[in-house]
Amino acid sequence: MKLSRRTSWFLTAFGAWSMIIWVTFVKNLWKDSGGQAFTGGDHSQPTAFFWIHLTLAVTSFVLGVLVGLVGVRGLRAGREQSVAG
């Protein structure tokens, strides 16, 4: 499958964006002081809210990395094709 340069850049940017967003989300989840993520405000007893959102963040991060890698591979393939052609 051949990706256009525009699509490859979009996928690469989407992957980078996903990494930034989900790392920030997990940092904010860890800093939660409202009692949603941890019982009693300390980090000894995570709640179901914490586990569900951590699972969401990790899954989305991994998918973002994979999408970004597809974009990078598309960019590399396009570059190699333009050098060879």
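The values are calculated or read from the model by the stated rules, or taken from the named source; none is laboratory data. Keep in mind it's a predicted model, so treat the numbers as computed, not measured. We place every Cβ from the backbone using ideal geometry, glycine too, and count neighbours over all the protein chains shown. In case anyone asks, the SASA skips ligands and DNA or RNA and just uses the protein heavy atoms, side chains included. Shrake-Rupley method; radii C 1.70, N 1.55, O 1.52, S 1.80 Å.
Look at the range 23-50: where a residue is at negative phi and polar (S, T, N, Q) and a partner is open to solvent by 70 Å² or more (accessible area, probe 1.4 Å) and part of a loop (DSSP other than H, G, I, E, B), sitting 6+ places away or on another chain with Cβ atoms under 9 Å, you get Thr39/Gln45; Thr47/Gln36.
Looking only at the range 1-24, count how many residues are more than 13 Å from Arg73 (Cα to Cα), open to solvent by 90 Å² or more (accessible area, probe 1.4 Å) and in contact with a helix residue (DSSP H, G or I) (Cβ under 7 Å, 6 or more places away or on another chain). Adding up the residues that qualify gives 1.
The residues in the range 25-58 that are open to solvent by less than 70 Å² (accessible area, probe 1.4 Å) and within 30 Å of Ala13 (Cβ to Cβ) can be counted, and the count is 9. Here Leu63 clears all of (1) open to solvent by less than 90 Å² (accessible area, probe 1.4 Å); (2) closer than 15 Å to Met19 by Cα except the condition numbered (1).
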